[in-house]
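The values are calculated or read from the model by the stated rules, or taken from the named source; none is laboratory data. Keep in mind that this is a model prediction, so the values were computed, not measured. A quick note on method: Cβ atoms are made from the backbone with ideal geometry, for glycine too, and the neighbour counts reach across all protein chains shown.
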């Protein structure tokens, strides 16, 4: 997960004239809140299956934005074994140019 300074929780908390870079306290608080929510989904809701162990580290990009690298060790029965298994976890698509032009241009 990478912190996005355009997250609504960050933008809505900024005062007039402030940028996200002016509020490292806010960046840290919102990032940690979202990371905790993701770990809740992974560890308590078992969205990837039963997690036996996990490890993560938080690093900071040059502009000061935090991001986390996460390693999950899944129980044997939940480990992906085929291409189809991986396709249920990972997907990517090019946004529709007509219905989502801003996202299309970003990609």
Of the residues in the stretch 29-64, those that are in contact with a strand residue (DSSP E or B) (Cβ under 7 Å, 6 or more places away or on another chain), modelled with pLDDT under 95 and either part of a helix (DSSP H, G or I) or farther than 26 Å from residue 88 by Cα (or both) come to 60, 61
Does residue 26 meet the test of being touching a helix residue (DSSP H, G or I) at 6+ places or on another chain (Cβ under 9 Å) and assigned to a helix (DSSP H, G or I)? yes
Pairing a residue in the stretch 21-39 that is within 18 Å of residue 69 (Cα to Cα) with any residue that is in a helix (DSSP H, G or I) and modelled with pLDDT under 95, where Cβ atoms lie under 9 Å and the two sit 6 or more apart in sequence or on different chains, gives 27/20; 27/21
Result of the Cβ filter at 7 Å on the stretch 74-102, keeping first residues that are on the phi < 0 side of the Ramachandran plot and without any contact (Cβ under 8 Å) to a residue 12 or more places away in the chain and partners that are surrounded by 10 or more Cβ atoms within 10 Å (Cβ to Cβ) and assigned to a loop (DSSP other than H, G, I, E, B), at least 6 apart or interchain, is 86/80
In this structure, is residue 77 in contact with a strand residue (DSSP E or B) (Cβ under 9 Å, 6 or more places away or on another chain), part of a strand (DSSP E or B) and exposed (fewer than 11 other Cβ atoms within 10 Å of the Cβ)? no
